[in-house]
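Visitor: One structure, as structure tokens, below. Some questions next.
The values are calculated or read from the model by the stated rules, or taken from the named source; none is laboratory data. Predicted, not measured: the structure shown is a model, and the values here were computed from it. A quick note on method: Cβ atoms are made from the backbone with ideal geometry, for glycine too, and the neighbour counts reach across all protein chains shown.
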Amino acid sequence: MNYKKNVIRIAFSAILFLFLCGNAKAQYMPVVYDRTYGNDMVYQHTCPVSEGEVALVGNSDRQTTVTWVKRDGEILFSQALPKRFNIVNNVYHIGERKLLIIGQSQNWSSRKSEKNSCGRAVIIDYTGTVLNDVYTGNNGSELFCGGQLKDGNLMLGGYEQNAAGVRLGMLTKIDKAGQEIYKYVSEESGPCIGFEVLGSMTEYVHAAFTSAENTVSSIASLDSKGKVVFVTKFPDAGFAINKMITAPDDFLFLIGNSYMGDGRVIKIRPEGDIVFSKEIVPASANTTIDHLFVTNNGNLLVGGNGGDGKSYYSLLRNDGTDLQKYVVSGSISGMGINPVTGESVIAGFDNERARGTITGLAKDGRQTYQKSTDGNFDRVQVTSNGIFLAESLSGRVCMLSPAGELLFDRHATEESSATNFEEVLFVSNGDILFKGIKNRLVKMSHGLYVSDVKINKPVDGYITALFSVTLTGFPTSEQGTPMPVHVDFFTKDGTANQRENYGPVKGSLSFIPSSDGAGRYMIKQDIEVPIKTNNLLEGRKMFEVNLANVDQSYIVKPIGVGTIEDQEVLVKLVNTQNGLEGERDIVYELGIFKTNGQKLINATGSDIIVEGNYGRGTADKLDFDMGVAPRLVIGKGASGGKFNVNTLTDARYELPKTVVVDFNKILAINDASVGFEGSILSCRGLIIDQPAAVAITSLGDHGRMNNIVSGFFKLSLLRASDGQPLTNATGGDIGIACSILAQTTAEEGKDFVLTNMHNLRVLGDGERSAVNLDGIVLFNRDSSGAKKIVIGIDSITKPDNAPDIIVSPKAASAEFSIVE
């Protein structure tokens, strides 16, 4: 195991936990500086300091150099320590602008000519003054973790070698004078790779010792005098501890890899006995388990990677049972959790597909979103304000909203290609540091930005668009005092204009820091812009709110775009004109309206096209031209449009037929938002047949010897306009009343008899277009010579709702003769 790398991950794990989950302070952040420091020294450690400062520590075979960088990137000092380290393992900011540097060094304080190597800790302040220089442990010892206690004493962890050369874990407490208060050396465990100093009234320590050659891992609890409270050993040979956290109830949680190679999470009681030891990642040669978080309700979030090309993460209850468990392809590159809300984010990457995923989990472990990404984000910070993701390989940084929506996606530099960085640090004050090769350091920090706003146009009156101007953090004076920030603003026309769309505003904003320093981050003020109503459908209109003349800050985003979306616009039926067979189209007229029913004018600059199809009407292809698809255009400057259904002429006498058009698609070749009140707009129109006529014609003369029933007259149903025969397809019968006219010279009952005079009907079965008036010619001895029968049409009875039927003016009567 590489203990030097592990110490960075493990030491001060409670502090590290807070660091990972500290509040982000900015959504849009400018680059404050992009500089390279030092020519002869390679800096291995980058340590954020208070007030936006950064300390760089480098170690070579010649010297150990500390370079202190001010918040603006200028160097406060750069100097070598009087005596160099052999190895610098870690650097901490311990408050009051002081650094704690730990590692291994020759014991330069020894009077012996041959200097032994041992653990060393140096405290240096912002002036470059070495305040403390401590050596501890026997020859060959080394420090991996450390911290300064509230009383000024130092707590240092690492290992020292026994006579057999075995590295045994060591934890020591050193007073301000450099004298040892106590030293605890584990008898069976390897190096101390992390500890937590706990207790409000009485100090106690939890320390993690991992396994090394011929040793096992253990957790030790010590009181303020170094007396052992408990030691929990993990007898599995080769079990390595990766991280440890103490919960508020004093239960301990840790993750590590067992001798079998699986990744495990372990819970330990305050008395030291193990509650559970649960496998999270299956055993393999390449199994890792790197992520452990305790939520505010006591649940655990753990995760790691297997050697099978899969990653594993789980949300566990406090008793170790699974709330949610996930197994996904690829590897986990980063995890983070919001300690306040319990929500968490997992960044993963699948090397085979070269695609990553960003997954959000609710506090109960349910997946709330999953975003695909091309980034391999290895740093994650989750806060109530948003989620920061960073990719050190490319210098890329993104911010997501708590709901997973992308707020920004950028690189730390504006270079044409991605820049490889060695390290990315999220600083608790909101700064982001990118440490690159050749001592390049890029800092992104606070500034001013104005939001974009989307707002719907009001149906009536005015509505206010609120542009938020956010200051991500106050600048500070040389003394560290926050300073006021001022900025001017004004509106500017875009596609939206002041006359029809919004009311212009201009002015200035002042951001004044509170005297106690509270509320220094994400300070917001609103700019109110009135948005007007009108009777135009305009689509999306935009205008700007501009920031200018900033004092004492950066302008990150100078322009806020106001997007005015049209209010909800409905396409409705205005009118339907029924059609007349073959002579007049059915006309459907549609219009655009506000939700309050007020008519709108299409001012989008392009046509609005409404399309549909024919629904279930009673008309068929003989009644109208079904080859013309329903489509109408609401043109520029128009409030409506029409669609005509072309009616056809056929040989049927019918009841009115319905043509149903279901309009179901709106094509706005612009950004207008137009819809129907429902999923479709169903419109119904009628095709009314032309008037019909009934004509009577004679079927020819008859001789007196014709004493059988035969047709005398034919009564035909004709189209009134052109006399073409029609078939009665109404489903109802057409009744015709006829009478014998006065011109008749034959005598009814003696010369002839009419057999169906009382029941003349053209049947409505769709197959009839005429009916015969039948009769018999009688032999009358008393009558001789030709006689004439004249029949006239008196009236016509049509089915309900059927088209009009008239008596043909040219064929209202007919006659035939009885011949000898």
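Visitor: Six or more apart or on different chains, Cβ atoms under 9 Å: show the pairs whose first residue is in the stretch 625-651 and more than 21 Å from Ser721 (Cβ to Cβ) and in the same structural domain as Asn664 (by TED's automatic domain parsing) and whose second is among the basic types (Lys, Arg) and assigned to a loop (DSSP other than H, G, I, E, B).
Guide: Within 9 Å, the pairs are Gly627/Lys621.
Visitor: Do the conditions hold for Lys150, that is, is it of a type in the set (D, E, K, R), modelled with pLDDT under 95 and within 20 Å of Gly226 (Cα to Cα)?
Guide: Yes; evaluated as a whole, the condition is true for this residue.
Visitor: For residues that are part of a strand (DSSP E or B) and among the aliphatic types (A, V, I, L, M), scanning just the stretch 119-152, find the one that is surrounded by the fewest Cβ atoms within 10 Å (Cβ to Cβ).
Guide: Among residues in the stretch 119-152 that are part of a strand (DSSP E or B) and among the aliphatic types (A, V, I, L, M), the one surrounded by the fewest Cβ atoms within 10 Å (Cβ to Cβ) is Leu131.
Visitor: Show me the strands (runs of 3 or more DSSP E) found entirely inside the stretch 166-220 where at least 2 residues are more than 19 Å from Leu254 (Cα to Cα).
Guide: The strands (runs of 3 or more DSSP E) meeting that bar are 167-174, 180-185.
Visitor: Do any residues in the stretch 761-780 that are farther than 29 Å from Glu747 by Cβ have Cβ atoms under 9 Å from those of residues that are loosely packed, with under 15 Cβ neighbours inside 10 Å, where the two are at least six apart or on different chains, and which pairs are they?
Guide: Final answer for the pair search is Gly764/Gly731; Asp765/Gly731; Gly766/Gly731; Ser769/Ala651; Ser769/Pro725.
Visitor: Follow-up. Going by what's in this entry, would Gly304 be described as in the same structural domain as Pro402 (by TED's automatic domain parsing), among the small types (Gly, Ala, Ser) and within 25 Å of Pro402 (Cα to Cα)?
Guide: No: the conditions fail for Gly304.
Visitor: Among Gly591, Gly597, which is without any contact (Cβ under 8 Å) to a residue 12 or more places away in the chain and within 36 Å of the chain's Cα centre (by Cα)?
Guide: None of the others qualify; the one that does is Gly597.
Visitor: Filter the stretch 476-501 for residues that are modelled with pLDDT of 70 or more and either in contact with a Gly (Cβ under 7 Å, 6 or more places away or on another chain) or in a loop (DSSP other than H, G, I, E, B) (or both) and give the result.
Guide: Across the stretch 476-501, the qualifying residues are Pro482, Met483, Pro484, Phe489, Gly494, Thr495, Ala496, Asn497, Gln498, Arg499, Glu500, Asn501.
Visitor: Still on this structure, I have one more. Taking Gly539 as the residue in question, decide whether it is assigned to a loop (DSSP other than H, G, I, E, B) and not assigned by TED's automatic domain parsing to the domain that holds Leu466.
Guide: So Gly539 fails the test.
Visitor: Here's a follow-up. Could you check how many residues of the stretch 129-152 are within 24 Å of Ser78 (Cβ to Cβ) and over 49 Å from the mean Cα position of the chain (by Cα)?
Guide: 6
Visitor: Now for a separate question. Please indicate, with yes or no, whether at least one residue in the stretch 409-425 is on the phi < 0 side of the Ramachandran plot, in a loop (DSSP other than H, G, I, E, B) and surrounded by 22 or more Cβ atoms within 10 Å (Cβ to Cβ).
Guide: yes
Visitor: Quick one: which residue in Thr464, Thr470 is of a type in the set (Val, Ile, Thr) and surrounded by fewer than 18 Cβ atoms within 10 Å (Cβ to Cβ)?
Guide: Of Thr464, Thr470, the one residue that is of a type in the set (Val, Ile, Thr) and surrounded by fewer than 18 Cβ atoms within 10 Å (Cβ to Cβ) is Thr464.
Visitor: Restricting the search to the stretch 534-562, which residues are under 24 Å from Val459 (Cβ atoms) and either at pLDDT below 95 or of a type in the set (Lys, Arg) (or both)?
Guide: Matches in the stretch 534-562: Asn534, Asn535, Leu536, Leu537, Glu538, Gly539, Arg540, Lys541.
Visitor: Still on this model: Which residue, of Ala619, Ala603, is among the hydrophobic types (A, V, I, L, M, F, W, C) and over 20 Å from Leu537 (Cβ atoms)?
Guide: Ala619
Visitor: What strands (runs of 3 or more DSSP E) completely inside the stretch 551-661 contain at least 1 residues that are among the charged types (D, E, K, R) and closer than 24 Å to Asp671 by Cβ?
Guide: 555-557, 559-565, 569-577, 608-614, 631-634
Visitor: Here is a list of conditions, (1) within 24 Å of Ser808 (Cβ to Cβ); (2) among the hydrophobic types (A, V, I, L, M, F, W, C); (3) part of a strand (DSSP E or B), and Val753 meets all of them except one; can you say which number that is?
Guide: The failed condition is (1).
Visitor: Criterion first (in contact with a strand residue (DSSP E or B) (Cβ under 6 Å, 6 or more places away or on another chain), closer than 21 Å to Gln690 by Cβ and either assigned by TED's automatic domain parsing to the domain that holds Glu654 or aliphatic (A, V, I, L, M) (or both)) does Ala770 satisfy it?
Guide: It is true that Ala770 is in contact with a strand residue (DSSP E or B) (Cβ under 6 Å, 6 or more places away or on another chain), closer than 21 Å to Gln690 by Cβ and either assigned by TED's automatic domain parsing to the domain that holds Glu654 or aliphatic (A, V, I, L, M) (or both).
Visitor: Then there is this: Only one of Ser372, Ser333 is in a strand (DSSP E or B), under 15 Å from Gly304 (Cα atoms) and modelled with pLDDT of 90 or more. Can you tell me which?
Guide: Ser333
Visitor: I would also like to ask the following. Looking at this structure, is Ala672 crowded, with 18+ Cβ neighbours inside 10 Å, assigned by TED's automatic domain parsing to the domain that holds Ala603, assigned to a loop (DSSP other than H, G, I, E, B) and of a type outside the set (Val, Ile, Thr)?
Guide: yes
Visitor: How about the stretch 742-760: which of its residues are in contact (Cβ under 8 Å) with a residue 60 or more places away in the chain and loosely packed, with under 14 Cβ neighbours inside 10 Å?
Guide: Gln743
Visitor: Buried (at least 19 other Cβ atoms within 10 Å of the Cβ), more than 21 Å from Gly303 (Cα to Cα) and among the aliphatic types (A, V, I, L, M): is that true of Met335 in this structure?
Guide: Criteria not met by Met335.
Visitor: Okay, next question. For Gly775, only one of the following conditions fails: (1) closer than 30 Å to Tyr614 by Cβ; (2) not in a loop (DSSP other than H, G, I, E, B). What is its number?
Guide: Evaluating Gly775 over (1) closer than 30 Å to Tyr614 by Cβ; (2) not in a loop (DSSP other than H, G, I, E, B) leaves (1) as the failure.
Visitor: Quick test for you: out of Lys83, Lys112, pick the one residue that is surrounded by 17 or more Cβ atoms within 10 Å (Cβ to Cβ) and part of a loop (DSSP other than H, G, I, E, B).
Guide: After applying the criteria, what remains is Lys83.
Visitor: Suppose the filter is farther than 24 Å from Phe251 by Cα and assigned to a loop (DSSP other than H, G, I, E, B); does Asp308 pass it?
Guide: So Asp308 fits the description; yes.
Visitor: I'm trying to understand the selection: among the residues of the stretch 770-820, which are β-branched (Val, Ile, Thr), surrounded by fewer than 17 Cβ atoms within 10 Å (Cβ to Cβ) and either at pLDDT 95 or above or touching an Asp or Glu at 6+ places or on another chain (Cβ under 6 Å) (or both)?
Guide: Of everything in the stretch 770-820, those that are β-branched (Val, Ile, Thr), surrounded by fewer than 17 Cβ atoms within 10 Å (Cβ to Cβ) and either at pLDDT 95 or above or touching an Asp or Glu at 6+ places or on another chain (Cβ under 6 Å) (or both) turn out to be Thr797, Ile806, Val819.
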